Amino acid sequence: MVQLLLSGCNGRMGHAVEAICTAEPELELTAGFDLLGADIRDFPVYASPAEFQGEADVVVDFSSPSALPALLSFGLEHRMPLVLATTGYDQGQLEEIQQAARSIPIFRSANLSLGVNILVELVRRTAAVLGGSCDIEIVERHHNKKMDAPSGTALMLAEAAADALPCQPELVCGRQGIRRSRERCEIGISSVRGGGIVGDHEVLFAGRDELIELRHTATSKEVFAVGALRAAVYLENKGPGLYNMSNLIQEV
């Protein structure tokens, strides 16, 4: 049995993780962390990881970038693996994650959906085949409560395409105020925020006489919770390092 600590337990994703753990006998939700403090739950909730004194196997985080320092400190102190499912980290925080991963296992992905990560691979292969013959545009759509734009998944898709291109493309996030023709070596990203859209990512490869569209739509947040818990089980017995969904998929 894998004993889990859930960071951000009072949020929507925290509740989704809890529901899955309740139905899965091999997963035990030991305690939760939330900056807002305690809530009425079936497990103890702490305002800070430092308050927890028990035993557990892994931390799953669905909170916010502001929680990262305390989580890294807790993971390093207890030599405990971390699954970081939060998006919106700045460059300095990403460097801190890489540094911590030299001492403990850390699983970080901008999107924990298996389907999205298959899409990433399809985008990489398509970009490699088409080279610089197509314009690449990404459209991401999310609910009106999402804080960061563009989404971490959109940036992950752009990075996958960029890695396969013969040039180093410029990322153009929105075109308001840009009065020029589109450059060939660039990747455009457009963000839509509205209603209760869980997550929709579309990658367009627009050529002279043809258009290729690759798309993934999440209809429930549960797909991200399932992916996070698969990552938590995956980290069992793993050594220090920075892991992602590509590593997990390769071992499945």
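Run the numbers for Arg102 and Ser133: contour at 0.36 nm per residue of separation, minus the present Cα-Cα distance, in nm.
7.2 nm
About the Cα centre of the stretch 1-97, what is the dipole size in debye to 20, counting +1 per Lys and Arg Cβ and -1 per Asp and Glu Cβ, all else neutral?
The dipole of the stretch 1-97 has a size of about 140 debye.
Computing Rg and Dmax of the Cα atoms in Å directly from the structure and comparing it against (i) 19.2, 62; (ii) 17.2, 51; (iii) 18.3, 63 singles out (i). Near Ile212: Cβ cut-off under 13 Å, other residues only, Lys/Arg at +1 and Asp/Glu at -1. The net charge is -3.
Taking the charge dipole of the stretch 42-158 about its Cα centre, with +1 at Lys and Arg Cβ atoms and -1 at Asp and Glu Cβ atoms, the residue from Val60, Ile118, Ile136 reaching farthest to the positive side is Ile136. The accessible area of Thr22, taken with all protein chains in place and a 1.4 Å probe, comes to roughly 110 Å². Length gained on full extension, Asp163 to Glu222: 18.3 nm, using 0.36 nm per residue less the C-alpha separation. One decimal place: the segment Ile20-Ile118 gains 33.0 nm when fully extended, by the rule 0.36 nm per residue minus the C-alpha distance. Site pair Gln53 and Glu251 shows an inter-label distance of 3.4 nm when each label is modelled 7 Å from Cα along Cα→Cβ. In this simple spin-label model, placing a label point 7 Å from the Cα along the Cα-to-Cβ direction at both Ala206 and Glu28 gives a separation of 5.5 nm. For the stretch 17-58, a crude dipole built from +1 on the beta carbon of Lys and Arg and -1 on the beta carbon of Asp and Glu, taken about the Cα centre, is about 160 debye to the nearest 20.
Between Glu77 and His143, the FRET efficiency from the beta-carbon distance, with R0 = 51 Å, is close to 0.90. Since only Gln168, Gly92, Ala70 are under comparison, the one whose Cα sits farthest along the positive direction of the charge dipole of the chain, derived from C-beta charges on Lys, Arg, Asp and Glu, is Gln168. A cysteine counts as unpartnered when no other cysteine's C-beta lies under 4.7 Å of its own; in the chain this applies to Cys9, Cys21, Cys134, Cys173.
The values are calculated or read from the model by the stated rules, or taken from the named source; none is laboratory data. If you're wondering where the values come from, they're calculated on a predicted model, not measured in any experiment. So basically every Cβ, Gly included, is an ideal-geometry build from the backbone, and we count neighbours across all protein chains shown. Just so you know, the surface numbers come from the protein's heavy atoms only, side chains and all, with ligands and any DNA or RNA stripped out. Shrake-Rupley method; radii C 1.70, N 1.55, O 1.52, S 1.80 Å.
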